[in-house]
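I have placed the structure first, in the form of structure tokens, so that the comments after it can refer back to it.
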Amino acid sequence: MKTDIGDKESSLPASRDLLWAWVGIGVGLGVVLLGTLVPVVRSETPRPDVALLIAMLTFTLVGILVGYHSPGETIREAAIAGALLVVLSFLSIGIGFELPVTAPAAAGALIGGLVLSAVGGWVGEVLQGTLLREGAVGRFAWPWILVGAVLGILLNVYTVFVLQEVLDLSGRGVLAGFLASFFVTAFFVAYFSPGFTIVEPALAALVVIAADMMLVVFGFSPQFGIGSVAMATIAAVVIALVGGYLGESAHAMRRRQAAANAESAPPGSGEASEPESQAEGGSSGAVVGDEVVD
């Protein structure tokens, strides 16, 4: 999945006009997600700030879905969908937040929705393989640390504020989901990224923990002691390393399977070129076994 985008790229028109269909898809997804997630939090947690946080992150989620599933680079489409969602939000559920709708607030929300959706679109394109098909330029693949941070924050917040209400999780259940989000994030980053990226998810976990602490500072979560924060940080980094290792192992297994299929394919069948297309996203580092090590 790292670089299997040849068919998607070849299906794009020669001129790069806006794909309005994906703008519409993004708006539709946003309406469904906002209309589902925000009321769940709003009904169980009577706090406008928590509902607003979920709504803001949902713009990023919409951008990720549009960027990942659409053909070619569609960051602009995700951003426009986000801006239109803001307009619809003010017309439909914006009053539910019990916030005064002033001109500065409307302008800020419009810019925020556009930016958050664009960031999500960029993450989706990176996961798809349209962007950053090369490996790390320096010691670390910093863009993939950013991708991991965005995914981690999304999963963290949705686990704590949404999944808790939907599944009626206890304190231990929330903690388990919170830690599992680091594993899922690390697995995705290692599996989709070119090159060998086990450390990057661990660094992204540190960024996510810092973001979580900011939510604590602003009152979204209860205050925690230094010992609890230290334990959470260590656990998150260890879990991220494990998730990254398993993600790289899964990708290596997939590459071996693709190579085996190519070797057994008849000449001229087209399957023999699959490993080459999959390897296009790899870094320029040395190949060790089935992985690329920078």
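At a glance:
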item	result
3J(HN,Hα) from dihedral phi, the range 179-193, Karplus parametrisation 6.51/-1.76/1.60, rounded to Hz, x for glycine, proline	5, 5, 4, 5, 5, 4, 4, 5, 4, 4, 4, 5, 6, 8, 7
Packing-based ranking, highest mean first, of 74-85, 175-186 given that Cβ atoms within 10 Å are counted	74-85, 175-186
Footprinting exposure proxy for 228, 249 (fewest neighbouring C-beta atoms within 10 Å first)	228, 249
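A short reminder: the numbers here are calculations on the coordinates, not readings from a lab. None of these values were measured; they are calculated from a predicted model. Glycine gets a Cβ as well: all are built from the backbone with ideal geometry, and neighbour counts include every protein chain shown.
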